[in-house]
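To start, the structure itself, in structure tokens.
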Amino acid sequence: MTELTIIIPTLNEAPGIGPTIKEYQKVFPNAHILVVDGGSTDGTQQIARNLGAEVIQQKGKGKGNAIKTAIQHLKQKNHNPKYIIITDGDHTYPAKPAAKMIQILEKNPDVGMVTGDRFHTHTLKNYLTDIYGLGNLILKTLHHYLNKVKMKDPLTGLRAIKWQTIKNWKPMSKHFEIEVEINNYIKSLKQKIIEIPIKYRKRLGMKKLKIKHGIIIALQIIKNITTNLKTAITKPTPK
């Protein structure tokens, strides 16, 4: 059994996918690297294959569909890693902190997910002088007060998760709102989420996150309220 699978959703990430895979291979030499591609036309898939990664085509478009495809693929192929890491293919998320994240999961049975906090040094001024930073602040606040998920960086793209925690999850999100949906799912299982500080790097290649995705994420946060209410209503009353 492969102890670890690293899932990398991609779409036209030729500048970053090579350095990303090489870095994670250096830190996790025995890991199974699964690149889930959304139809790249810039050579991303071939670069990944040349470096020994398994490359599959995702169903649908967007990061949410890529992660859903990855989970389905691992189950269909009877892959049962102990842990999975989800990271981006643009070289923004360093691999070394991910090793610490796995160690935390190993030592803490009540923790279901460990994430990388990009904003641990941010002040209010940092958030207000960058439109994406401001968007993150607004969404973080909504997620906290509406979904009761208190995280410094709920939209981070670096996550380490126990496979047994995530294998039966059936995500509904199609795009970047997948991040708040997964936070809500881990919370619904009564498992802890731990954040560790990471140094977020400048991406290699073109940025894909747009303002419209912020609106979609906000709508997912609102949708999570309904999901939480349904869970609370259907939960059996202890005798």
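Annotation: amide H of residue 195 within the under-5 Å range of 115, sequence separation 5 or more or interchain, hydrogens built in the peptide plane. Beyond 26 Å in Cα-Cα separation lie the following of the pairs 107/223; 96/148; 22/174; 59/223; 100/150: 107/223; 96/148; 22/174.
The calculated FRET efficiency for the pair residue 196 and residue 164, based on their C-beta separation and a Förster distance of 30 Å, comes to about 0.90. Taking amide H as placed 1.01 Å from N in the peptide plane, residue 80 has its amide H under 5 Å from the amide H of 2, each at least 5 places away in sequence or on another chain.
Averaging the sequence gap over all C-alpha pairs within less than 8 Å and six or more residues apart, then dividing by the number of residues, gives the chain a relative contact order of 23 percent. DSSP beta bridges confined to the chain are antiparallel in about 25 percent of cases.
Between 158, 204, 219, which gets the highest mean-square fluctuation from a Gaussian network model of the chain, Cα cutoff 10 Å? Highest fluctuation among the options: 219.
Legend: helices of the chain (whole DSSP H runs) are marked when their alpha-carbon atoms reach 27 angstrom or more along the helix axis and their mean Kyte-Doolittle hydropathy is at least -1.0; marked are 211-234. Simple point charges give the picture: +1 on the Cβ of Lys and Arg, -1 on the Cβ of Asp and Glu, and for the chain a dipole about the Cα centre of about 620 debye.
GNM, the chain, Cα, under 10 Å: largest mean-square fluctuation among 11, 139, 189? Taking springs between Cα atoms under 10 Å, the residue moving most is 189.
Most fluctuating residue of 49, 118, 159 in a GNM of the chain with Cα springs under 10 Å: which is it? Looking only at 49, 118, 159, the largest GNM fluctuation is found for 49.
How many percent of all Cα-Cα pairs in the chain sit more than 32 Å apart? The proportion of pairs with Cα distances above 32 Å equals 16 percent.
Read-outs throughout are calculated quantities, based only on the coordinates presented, and are distinct from any laboratory measurement. Remember, it's a predicted structure, so these values are computed and weren't measured experimentally. Neighbour counts run over all protein chains shown; Cβ positions are idealised from the backbone, glycine included.
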